[in-house]
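Presented below is the structure to which this report refers.
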Amino acid sequence: MTAYYNEHDPYAAQWLRNLITAGHIAPGDVDERSIEDVLPSDLAGYTQCHFFAGIGGWSYAMRLAGWPDDRPVWTGSCPCHPFSVAGAQRGSADDRHLWPTFFNLIRECRPASVFGEQVAGAAGLAWLDHVCADMEDAGYAAAAADLCGASVGAPHIRQRLYWVGFAEESRSQERAGPRASREVPARGPEQASPWGNVEWIACSDGKARPTQPGLFPLAHGVRNRVGRLRAYGNAIIPQVAEAFIRAFDERL
């Protein structure tokens, strides 16, 4: 089975290819076109489709949750810039509001399960209302949870809305098909936290934010550092998505 990854940023797209080659995420093809250029027919034959794929966080989270590579699923964390308090907050008037494009592909191809994520806050909740209404009109059951990075031990909040749409007609097939493992990895107190070794970057708003060791100082001309920070900043926290996926799967 082959996965499809749609990511228009060349740097992140190459990162996806490297992760596929290393076996960290589901094997598949990387498409660098804008999602606006993708046709439903382009997705025929793919078991999993990951839109706005970034550096493969959703595929990695699926594996963490025990979701097999050959079990169908779509994912897509639509751009947050129109709804983030850090941006102009133009909402649906922003050209980067790509939910309608993503939803058109969902409506045409009718994947069994669709997972996504968006910024929290008032604008994010309004966006989520629109998403749930569209999904339910298309015959999907929709649910969401407001989760943060600190819930999995990260040294920051990173509050996000995680949502899922599930096609009711596929419920019996899902129950009969391959299922996610119910075994939850041990996370005992003796295990070192993966967030224990971070570096703090002083930002222009006066706040300090944690990041992966080795990225500071950020400087133009220093290979990969700016690109890596941008990719990490746009990525989901796979461990949070893992918990959401497991909770959904247990309710099937």
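For region 111-134: of the residues being among the aliphatic types (A, V, I, L, M) and closer than 18 Å to ALA247 by Cβ, which is surrounded by the most Cβ atoms within 10 Å (Cβ to Cβ)? Result: VAL114. Residue count for region 45-66 satisfying the condition of being part of a helix (DSSP H, G or I), hydroxyl-bearing (Ser, Thr, Tyr) and surrounded by fewer than 23 Cβ atoms within 10 Å (Cβ to Cβ): 1. Only one entry in ARG33, ARG17 is modelled with pLDDT of 95 or more and in a loop (DSSP other than H, G, I, E, B), namely ARG33.
Condition test on TYR11, is it outside any loop (DSSP other than H, G, I, E, B) and either surrounded by fewer than 20 Cβ atoms within 10 Å (Cβ to Cβ) or touching a His at 6+ places or on another chain (Cβ under 7 Å) (or both)? Considered against the rule, which asks whether it is outside any loop (DSSP other than H, G, I, E, B) and either surrounded by fewer than 20 Cβ atoms within 10 Å (Cβ to Cβ) or touching a His at 6+ places or on another chain (Cβ under 7 Å) (or both), TYR11 comes out as yes.
Candidates ASP95, ASP69, ASP42: the one that is part of a loop (DSSP other than H, G, I, E, B) and modelled with pLDDT of 95 or more is ASP69.
The values are calculated or read from the model by the stated rules, or taken from the named source; none is laboratory data. Since the model is a prediction, treat every value here as computed from it, not as a measurement. Glycine gets a Cβ as well: all are built from the backbone with ideal geometry, and neighbour counts include every protein chain shown.
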